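The values are calculated or read from the model by the stated rules, or taken from the named source; none is laboratory data. As the structure is a computational prediction, the values presented were derived from the model and not from experiment. Cβ coordinates were reconstructed from backbone atoms using ideal geometry, including for glycine residues, and neighbour counts include every protein chain displayed.
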Amino acid sequence: MRLSKTLTAMTAAVALTTLTGCGGEGDSGPLATLGLPRADNMAAVEKLINGHVMCRELEGGTKHLNEATTKKVNDPAFAIKESARCKDADGKRIYLLLVSDMKKFQEANKKAQETDEDFDSSYLIGQNIAIVPERDDTVRGLMQAKFALMSCDPKHKEDIPSGYKKDEPLVKGCIVTDYIPS
């Protein structure tokens, strides 16, 4: 009887992992330790987002992105394997990026930030996801989904009050925090 319950629980856990797009080999790294979400495809990213804020009219590819985001997607240094855009409840854009190597993504952002102080290296991130929402309410909703703010701008680290995370799990100089500036 006990074995039957254990098998049922294991089957349910596997099914839930498959449905959410979470799990797999990448769930043991430093970003997984922080509890950040992971997705294997854009449908899974959309489901993660829709659990906390609206992500409607999902459209894949770079033709729907702004110029700055398209430039990053097309640069192999950023290790972006797929991009899409959806709209929040107010019709504001949310840019979605699936990243093949988050360390390379952070290194490319840090390098760009160092060469251009106006470069925006701020994203909401998961283990292999980077998101750029336009609205503060969307940012705050996604923080409830366990996404964290990543920034390679040294000024951001100085502005984080005590009690908030200030981790640098992959690249020194790129912080991952649960603090959202107002």
Worksheet entry | Qualifying positions in segment 134-173 - under 15 Å from residue 108 (Cα atoms) and either touching a helix residue (DSSP H, G or I) at 6+ places or on another chain (Cβ under 7 Å) or crowded, with 19+ Cβ neighbours inside 10 Å (or both) | 150, 151, 152, 153, 170, 171, 173
Worksheet item: Based on what the data block shows, is residue 49 within 17 Å of residue 139 (Cα to Cα), part of a helix (DSSP H, G or I) and in contact (Cβ under 8 Å) with a residue 40 or more places away in the chain?
Response: yes
Fill in: Within segment 62-96, tally of residues that are assigned to a strand (DSSP E or B) and closer than 21 Å to residue 137 by Cβ
8
Discussion item. Of everything in segment 100-133, what is in contact with a strand residue (DSSP E or B) (Cβ under 6 Å, 6 or more places away or on another chain) and surrounded by 16 or more Cβ atoms within 10 Å (Cβ to Cβ)? Give them in sequence order.
Written reply: 105, 121, 122, 123, 124, 125, 128, 130, 131, 132, 133
Item to complete: Output the residues belonging to segment 74-92 that are more than 15 Å from residue 128 (Cβ to Cβ) and within 15 Å of the chain's Cα centre (by Cα).
Response: 85, 86
Worksheet item: List, please: which pairs have Cβ atoms under 9 Å, are six or more places apart or on different chains, and start with a residue in segment 163-178 that is within 16 Å of residue 35 (Cβ to Cβ) and end with one that is aromatic (Phe, Trp, Tyr)?
Response: 164/179; 165/179; 166/179; 170/105; 177/164; 178/164
Worksheet, complete the sentence: Counted residues in segment 134-169 being of a type in the set (Gly, Ala, Ser) and touching a strand residue (DSSP E or B) at 6+ places or on another chain (Cβ under 7 Å) come to 2
Discussion item. Suppose the filter is at pLDDT below 95 and surrounded by fewer than 16 Cβ atoms within 10 Å (Cβ to Cβ); does residue 66 pass it?
Written reply: yes
Item to complete: State all residues of segment 69-85 that are within 14 Å of residue 124 (Cβ to Cβ) and at pLDDT 95 or above; if no residue qualifies, say none.
Response: none
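Can you pull out every residue in segment 69-82 that is within 21 Å of residue 148 (Cβ to Cβ) and surrounded by fewer than 18 Cβ atoms within 10 Å (Cβ to Cβ)? Before the answer, list the steps.
Quick first cut of segment 69-82, residues within 21 Å of residue 148 (Cβ to Cβ) only: 69, 72, 78-82.
Within segment 69-82, 81, 82 qualify.
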